[in-house]
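> Let me begin by handing over the structure; questions about it come next.
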Amino acid sequence: MKRQVFYSFHYKQDSRRVAQIRNIGAIEGNTAVSDNDWEEVKKGGDEAIRRWIDANMQYRSCLIVLVGEHTSERPWVDYEIRRAWNKGMGVFGIYIHRIKDPLLCRYGYMGFSNMGDNPFDKIFFENGNPLSSVVPCYNPNPNDAYNDIAEHLEDWVEKAIKVRG
């Protein structure tokens, strides 16, 4: 049986990279939301966004933060990380800057982006230690990031869940 996970990422910047990871198929992720649907949720304000995140996180055992160039700056990614951690979910990140963005490739670019900051470095325990001291953020092989993620994704999910178990 495939694990149920929640993907957290910077929607506007990284959705094409994230779609590739969703298509690996090793795990069940939260349903991809269309641009139109996300705009409808956002019209309801912060409380509507919180409700949407909370509802979509329900029954998930792990949060996977797909870390692009600006992911760590996103307030809703921060909310999702805190929410998942407080619910006792498994939590980890994967840098996706080396997953090619097909749209950028079409326009003659290499399709890669810069590596973003680790979002777990910005959340702290009461003792002052960052969440990154216990939550890994994997950096896949730069020569074949997609296949490296595909090969390890299930193991990373299981490890994150076991740590919290």
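None of the figures in this text is laboratory data; all of them are computed from the coordinates on show. Treat the numbers as computed from the prediction; the structure is a model and nothing was measured.
> I'd like the Karplus ³J(HN,Hα) series for the range 15-23: coefficients 6.51, -1.76, 1.60, θ = phi - 60°, whole numbers in Hz, and an x wherever there's a Gly or Pro.
4, 6, 5, 4, 4, 5, 5, 4, 6
> Using θ = phi - 60° and the Karplus form 6.51 cos²θ - 1.76 cosθ + 1.60, what ³J(HN,Hα) does each residue of the range 72-89 get, whole Hz, x for Gly and Pro?
5, 8, 7, x, 6, 5, 4, 4, 5, 4, 4, 4, 5, 4, 5, 7, x, 6
> May I ask for the Rg/Rh ratio of the chain, computed from Cα atoms with Rh as the Kirkwood radius, given to two decimals?
Values: Rg = 15.3 Å, Rh = 16.2 Å.
Reported Rg/Rh (Cα atoms, Kirkwood Rh): 0.95.
> Would you compute, from DSSP H runs of 4+ residues alone, the mean residue ellipticity of the chain at 222 nm, taking -39500 (n - 2.57) per run and dividing by the full residue count, rounded to the nearest 500? Mind showing how you got there, number by number?
Working: 6 runs with 71 residues, N = 165.
When only DSSP H runs of four or more count, the value is -13500 deg cm²/dmol.
> Counting residues in the range 112-165 as N, plug N into 2.2 N^0.38 Å and put the Cα Rg over that result. Before the final figure, lay out each step's value.
On the way: Rg = 13.4 Å, N = 54, 2.2 N^0.38 = 10.0 Å.
Here the answer is 1.34, to two decimals.
> Could you work out the Rg to Rh ratio of the range 34-93, with Rh taken as the Kirkwood radius (inverse of the mean 1/r over all Cα pairs)? Numbers along the way, then the final one.
Working: Rg = 11.9 Å, Rh = 12.3 Å.
Taking Rh as the inverse mean 1/r over Cα pairs, Rg/Rh reads 0.97.
> Using amide H atoms built in the peptide plane, which far-off residues or other-chain residues are under 5 Å from Ser8 H to H?
Ile64, Val65, Leu66
> Give the whole-number value, in cubic angstrom per residue, of the convex hull volume spanned by the C-alpha atoms of the range 68-156. Please list the in-between numbers first.
Values: hull volume 9.7 nm³, N = 89.
Given the Cα convex hull of the range 68-156, per-residue volume reads 109 Å³.
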